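Everything below concerns the one structure shown next.
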């Protein structure tokens, strides 16, 4: 018989080990404008005019799956049949995806300005000893273009994973796990997942990580910085409340306006982990 110690398992770390950041709407591209504008333009080219509400419904998923989800919407299927005189076929998603990639390349660099406060927040995380992972629903070629601009503006994560690296994508936890593997950190209860979409928050919860929902700069508000700043106080408050509600319903442990507020959350989560709290 082997007698185990009363602890059973080694002590886990006393604080966070890593943060996994989303890209569009979280670290770059205030309002997550590039993907939605590309989707609207792609569908318009085939005679189907999406609303922004429709286009954003599956934001955060791998873009091919996002397009498949859009084609599965009854409202989109009705528009498609009216224009093309037939129902949607499986190959239509692949055709639209190729057109999307072409369109996205033309606009992604222009839109993907690093969000104010991002480099400083990441620097503060590194000073706390955290490693920096990232994931996106973009393809590898699109992520490369975004990452090159981000690096020139002061933001460069340690790991960059995209939709092509792990399947299935969000809301499955595999991109979170793969980030942790590349960063060489565990357990997942010492990882913080930061995302601006409900599906990204769900992925973090499914992985057993702490989660932070990004509200003002993210998909759930969906406005460029200029348009967001131009809102009346009443309308801004209403839009923020609605966005917070959706991200909270997805399971976010914390909500922040932009990534500039992340260091405060890191300190709070570190305190909770030190007191042996779990996500």
Quick one: residue 65 ticks every box in (1) surrounded by 16 or more Cβ atoms within 10 Å (Cβ to Cβ); (2) at pLDDT 90 or above; (3) over 30 Å from residue 119 (Cβ atoms) except a single one, so which number is it? (2)
In this structure, is residue 133 at pLDDT 90 or above and exposed (fewer than 15 other Cβ atoms within 10 Å of the Cβ)? no
Having 1 or more residues that are farther than 25 Å from residue 112 by Cα is the bar; report the helices (runs of 4 or more DSSP H) wholly within the stretch 167-268 that clear it. 174-183, 198-206, 233-249
Give me a count of the residues in the stretch 43-70 that are more than 26 Å from residue 173 (Cβ to Cβ) and either in contact (Cβ under 8 Å) with a residue 40 or more places away in the chain or under 23 Å from the mean Cα position of the chain (by Cα) (or both). 8
Hey, could you check the stretch 151-172 for residues that are touching a residue at least 60 places away in the same chain (Cβ under 8 Å) and buried (at least 23 other Cβ atoms within 10 Å of the Cβ) and say which is farthest from residue 13 (Cα to Cα)? 163
Exception for residue 19 within (1) modelled with pLDDT of 90 or more; (2) in a helix (DSSP H, G or I); (3) in contact with a strand residue (DSSP E or B) (Cβ under 9 Å, 6 or more places away or on another chain) falls at (2)
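Could you identify the single residue in 142, 96, 101 that is assigned by TED's automatic domain parsing to the domain that holds residue 226 and either more than 16 Å from the chain's Cα centre (by Cα) or part of a helix (DSSP H, G or I) (or both)?
Residue meeting the stated conditions: 142.
The values are calculated or read from the model by the stated rules, or taken from the named source; none is laboratory data. Small disclaimer: the values here were computed from a predicted structure and weren't measured. Backbone-built Cβ (ideal geometry, glycine too); neighbour counts: all protein chains shown.
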